[in-house]
Amino acid sequence: MKSSISRRKFLERTSFSTAGIVLSLSGAKSLYANLAKKADTPAILGGTPVRTKPFPSWPIYDDKDVEIYLDALRSKVWSEYSYIETESAVKFERKYAELMGTKYCASTNAGTTALSAALCALDVGPGDEVIVPTNTFVATAQVVFNLFALAVFVDSDPDTFMIDADLIEERINERTRAILPVHIGGGAADMDKIMALSKKYNIPVLEDACQAHMGEWRNKKLGSVGHLGCFSFQAHKSLTSGEGGAIIGDDEALMDRCIAYKNNGRDPKNKRVYAGSNYRMTPFQVAVVMGQMRRLEEQTSHREKNAAYLEELFNDIPGIAQCKKYPGQTRRGYYMYGLLYDEEQFNGLPRRKFTQAMRAEGIPIQGGCDTLNKDKFVEVYLNLRPFQKLFSKERLAQYWEENHCPANDVIDAETGLILGQQVFLGTRKDIEDIAEALAKIRKNAAALI
């Protein structure tokens, strides 16, 4: 039966019930209060925008990046497949494994293919089921469906936007072959609870860390907590090669299968003894990501400082709260920065009008989240002949009956806000501009309705 959740009950569960809507108790002079006093007519109503200067662009490169890329071009080695130490992809894999604190890494040509190869290494196939969140990029579910397995969606935690780990167990059955949590936006899913379920039911965990470079759970890099972890280096990610990906892990047998699957079945000894396809990273992708790795730690630290400053300012702004983090999250990665919006604290201003007004002030904020369980592609897959043969009518009917994620629906329709990672690469003044725009919109909210 379809479940529902009222907006009031949703807000009672979220950060707005605690520190998110109270004023700072530090006694320090409130920057927000000063900004609210000087707030003038919103830009969307004809006033002057807070900023016209764009935030830092992305991606970032310098002359050294260009030289690394040209070296790959000049080498005339434009394809690598032998898995020998002199290959650039193998050098990158060694370096990335060391950065992630794992024994092994397999580079791929995309985050999607990293997930696909990892699922194949875990022997996920026709008739199996895999637990996934609804709030994630479409590839997380597509790679499951492409194996003629069932992607079973789980609702989101309204405080964090992550998969609600407390709802996973009720979706586990005898067909469940893997749990695939996503560290959405760069924050961490509740890996303590997820790994406990993995141990209880002997089900492997594949971490989708495609958005979570440099994030940590109890001082271990995200992606290294489960049995395997996958990353994307797509153009918008905080570590990018335009397109690209990687799988990390400590289990030699599992990682041999990952390495083989992305290289037409050839294992690290170059023997074709596994199933496989061609998901190899090109030397040009390797060149770009190696150049980008030079500044990864510096950029991550810079984003952390600016995010901490923004959170300090948000403590003074009723109606806006940063997403909570689980106690085990010891470092955040940065791709998208999630916020929660309470329209009641903005005189009933709907989120849609709030985001329009903020963008008019020069702040690139957007509302909503992914709702894969409601996407048309799910029906397209399940109507394919293999799914109709592999899963009984009763199982598919049960699937549709349970395929509702009410908390995520509220995040998508009413409360969820997102800032992109490049916003946090700017100055403290850039961060103050965000707070100034918020102050202006809140002061004039009634006029914006």
Pick from region 288-307, criterion among the hydrophobic types (A, V, I, L, M, F, W, C) and in contact with a Leu (Cβ under 8 Å, 6 or more places away or on another chain), ranking: farthest from Arg257 (Cα to Cα): Leu296
Some residue of region 102-123 being in the same structural domain as Val154 (by TED's automatic domain parsing) and free of Cβ contacts under 8 Å to residues at least 40 places away in the same chain: no
Criterion (farther than 12 Å from Lys440 by Cα, modelled with pLDDT of 95 or more, within 31 Å of the chain's Cα centre (by Cα) and loosely packed, with under 14 Cβ neighbours inside 10 Å) met by exactly one of Lys76, Lys64: Lys64
Residue in region 213-228 that is surrounded by fewer than 24 Cβ atoms within 10 Å (Cβ to Cβ), in a strand (DSSP E or B), in contact with a strand residue (DSSP E or B) (Cβ under 6 Å, 6 or more places away or on another chain) and not assigned by TED's automatic domain parsing to the domain that holds Leu419 present: yes
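Quick one: which strands (runs of 3 or more DSSP E) sit completely within region 321-388 and have at least 2 residues that are under 30 Å from Tyr399 (Cβ atoms)? Spell out the reasoning first.
Details: elements: 329-331, 336-341, 365-367.
Those strands (runs of 3 or more DSSP E) span 336-341.
From Tyr261, Tyr326, Tyr279, grab the single residue that is in contact with a strand residue (DSSP E or B) (Cβ under 7 Å, 6 or more places away or on another chain) and either touching a residue at least 40 places away in the same chain (Cβ under 8 Å) or in the same structural domain as Lys429 (by TED's automatic domain parsing) (or both).
Working: Tyr261 fails: in contact with a strand residue (DSSP E or B) (Cβ under 7 Å, 6 or more places away or on another chain); Tyr326 fails: in contact with a strand residue (DSSP E or B) (Cβ under 7 Å, 6 or more places away or on another chain).
After ruling out the rest, the residue left standing is Tyr279.
Go through Ala407, Ala397, Ala435 for me and flag whichever is under 26 Å from the mean Cα position of the chain (by Cα) and closer than 30 Å to Ala165 by Cα. Before you say what the answer is, go through the steps one by one.
Working: Ala397 fails: under 26 Å from the mean Cα position of the chain (by Cα); Ala435 fails: closer than 30 Å to Ala165 by Cα.
Result of the check over Ala407, Ala397, Ala435: Ala407.
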Any chance Ser82 is out of contact with any Cys (no Cβ under 9 Å at 6 or more places or on another chain), surrounded by fewer than 21 Cβ atoms within 10 Å (Cβ to Cβ), among the small types (Gly, Ala, Ser) and modelled with pLDDT under 95: yes
Test result for Cys210, in the same structural domain as Gly101 (by TED's automatic domain parsing), buried (at least 22 other Cβ atoms within 10 Å of the Cβ), in contact with a Leu (Cβ under 7 Å, 6 or more places away or on another chain) and of a type outside the set (Gly, Ala, Ser): no
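Checking the structure you have, find out if any residue of region 169-180 is under 15 Å from the mean Cα position of the chain (by Cα) and modelled with pLDDT of 95 or more. Can you show your working first?
From region 169-180, those under 15 Å from the mean Cα position of the chain (by Cα) are 180; that's our starting set.
Remaining after also requiring modelled with pLDDT of 95 or more: 180.
Yes.
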Subset of region 398-420 [polar (S, T, N, Q) and surrounded by fewer than 18 Cβ atoms within 10 Å (Cβ to Cβ)]: Gln398, Asn403
Boolean, Asp192 is surrounded by fewer than 24 Cβ atoms within 10 Å (Cβ to Cβ), of a type in the set (D, E, K, R), in a loop (DSSP other than H, G, I, E, B) and in contact (Cβ under 8 Å) with a residue 24 or more places away in the chain: no
Residue selected from region 272-293 under the condition polar (S, T, N, Q) and surrounded by fewer than 18 Cβ atoms within 10 Å (Cβ to Cβ), by the criterion nearest to Lys76 (Cα to Cα): Asn278
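The values are calculated or read from the model by the stated rules, or taken from the named source; none is laboratory data. Not measured: the values here are computed from a predicted model. Reconstructed Cβ throughout: ideal geometry from the backbone, glycine too, with neighbour counts over all protein chains shown.
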